[in-house]
1. Taking the Cα-to-Cβ direction at Lys60 and at Arg38 and moving 7 Å from each Cα, how far apart do the two end points lie in nm?
2. Of the options Thr122, Val46, Val88, report the single residue whose Cα projects farthest towards the positive end of the charge dipole of the chain (beta-carbon charges: Lys, Arg +1; Asp, Glu -1).
3. Quick test of your reading: applying the under-4.7 Å Cβ rule, which cysteines of the chain are isolated?
4. Average projected area of the Cα convex hull of the range 42-96, in nm²?
5. Percent of Cα-Cα pairs more than 24 Å apart in the chain, please.
6. Charges on Cβ only, +1 for Lys and Arg, -1 for Asp and Glu, centred on the Cα centroid of the chain; of His5, Val113, Ser74, which one is farthest towards the dipole's positive end?
7. Over the range 34-113, calculate the relative contact order: mean separation of alpha carbon pairs under 8 Å at least 6 apart, over the residue count, as a percent.
8. In nanometres, what is the gap between the two model label sites at Ile106 and Glu49, each 7 Å from Cα along Cα-to-Cβ?
Amino acid sequence: MARMHVKTGDIVVVRVGDYKDKWKTSEDKEGNETKKERKTAKVIAVSPEEGKVIVENVNKASKHVKARRQGEQSAIVKVDAPVYACKVQLYCPKCDKGVRTHIEVIDGKKVRVCSGKKADGTPCGHQFD
Ligand SMILES: [Zn+2]
């Protein structure tokens with residue numbers, strides 16, 4: 001089984017398709033751009049067997065659902081489809097970007113630590129677990 005670098009509930013940056021390098025912006029009452037934030041998403045499921053993850057609102061796929069019971073309607077629904085885990089990176093709030101991580105043992109526990117560097121070259125060191 002492949003080791004996954006992300007797990008359910010993680011906040012990630014997705015580097016695939018439409019979501020690549022997207023930013024979400026906020027507007028004030030006059031419609032002026034006030035804030036630019038990196039677009040992040042939440043991991044809702046991981047599949048180590050396939051090396052894939054399902055990320056909330058990313059990679060929507062249309063699924064045709066047939067009515068099975070009386071009163072139900074056949075419809076096309078949007079479902080979250082899996083994306084390759086290698087296309088997502090953990091989001092580090094200190095670095096404000098998707099980052100690589102490494103494992104450090106802190107107080108006897110394995111912790112995922114941000115491998116990013118600050119502007120002055122010192123390690124970020126943000127702990128994810
Ligand atoms: Zn960081």
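1. 2.5 nm
2. Val46
3. Those would be Cys86, since no other cysteine Cβ in the chain comes under 4.7 Å of theirs.
4. Its Cα hull, projected and averaged over all orientations, spans 5.3 nm².
5. That tail contains 44 percent of the Cα-Cα pairs.
6. Ser74
7. It comes to 21 percent, rounded to a whole number.
8. For the pair Ile106/Glu49, the computed spacing is 3.4 nm.
No value in this document is a laboratory result; all are computed from the given coordinates. All values reported here derive from a predicted model rather than from experimental measurement. FYI the Cβ positions are ideal-geometry reconstructions off the backbone, even for glycines, and counts take in every protein chain you see.
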